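Worksheet for the structure shown next.
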Amino acid sequence: MREQPNLISKIDHLVYVVQDLHQGIEDIESLTGVRPAIAGRHQGQGTWNALMSFGPNIYFEVIAPDPEQDNVSDPSWKHTIEKMPKNRLVRWCAKGGDLQERVQTAQKLGLDLGEIKSGSREKNDGAILSWSLTDFNTFLADGMIPFFINWGSSDHPSYSLPGGCSLIHLEGVHPEAKKMQAYLDAFQLPMKVFPGNEKRLMARLKTPKGEVVLM
C-alpha cells in the first residue's frame, strides 16, 4: 500500500476512543511496541487522553471518559464516547490554518463545523498547551470529515511525545462514499473513501512490531 505524503502532511492527529484509558494504553503498547504517555485532562469536557508521536507535527490520541469528572455539560464528548460499543478509530483532525475559512467552506457544502473554540490543558510539566479548533463535539459524516485545529504559538505536542511509530496510510469506508469524497475534495484533503456497508476509518502504521492496522 502506497504512502500518502500529501495527505499525511495535512493530518494533525488521529483519535482512538477507549472506555478505560489505562487499558487502552496497554492495548496500544502491545500492538505497536510504543507506550502512549498520559497527557492530561480536558476540564469541563469529561475526558482525558494519552498521546504518542507519529513524527514531526502529527500524533496519535487515545481518549477516554475521565472518571474524575462527573459534572460535565451535555452534549459533551464524554457522553458521545460512553455510547460507543467498543474501542475504535473514530475520527481525525486536520491542520486548520485559517479556521474561519474552513467553516465557510463547510457552509457552502451544507455542513456545520460548529463554532471555533479555544481549548487548553495542563501538561505534566505544568506548562499550559493551548489551541483553537472547530467544535470537537460536532461529529460530521461518521468521522470521515475531520475537525480542524490551529496550535497558534504553542509547540506542537508531537515533539515531546513517545516516538517510534509513523502513519503510512489513512482511508475511509462509507455507504455514501461519493458524497464523502466530494466533501473531502472541497477541503483539499486527499483521503480516499471507498464504498461499503460499514462506516469506518482505517489507519496503517509502521511500528517497531511491523505494520499494523487500526480501525
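The values are calculated or read from the model by the stated rules, or taken from the named source; none is laboratory data. If you're wondering where the values come from, they're calculated on a predicted model, not measured in any experiment. With ideal geometry, Cβ positions are generated from the backbone for all residues, glycine too; neighbour counts draw on all protein chains shown.
Answer with yes or no whether D142 is crowded, with 16+ Cβ neighbours inside 10 Å and either without any contact (Cβ under 8 Å) to a residue 24 or more places away in the chain or of a type in the set (D, E) (or both).
Details: crowded, with 16+ Cβ neighbours inside 10 Å: yes; either without any contact (Cβ under 8 Å) to a residue 24 or more places away in the chain or of a type in the set (D, E) (or both): yes.
Criteria met by D142.
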Which condition number in (1) surrounded by fewer than 22 Cβ atoms within 10 Å (Cβ to Cβ); (2) modelled with pLDDT under 95; (3) not in a loop (DSSP other than H, G, I, E, B) is the one that A39 fails? (1)
Pull up the range 46-89, narrow it to residues that are surrounded by fewer than 22 Cβ atoms within 10 Å (Cβ to Cβ) and of a type in the set (S, T, Y), then point me to the one that is farthest from the chain's Cα centre (by Cα). S73
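I'd like to know if the range 123-139 contains one or more residues that are touching a Cys at 6+ places or on another chain (Cβ under 7 Å) and touching a residue at least 12 places away in the same chain (Cβ under 8 Å). Don't jump to the end; show me each part of the working.
Residues of the range 123-139 that are touching a Cys at 6+ places or on another chain (Cβ under 7 Å), as a first pass: none.
The answer is no; no qualifying residue exists.
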Which listed residue is under 25 Å from F187 (Cα atoms), of a type in the set (A, V, I, L, M) and modelled with pLDDT of 95 or more, from L21, L99, L31, L51: L99
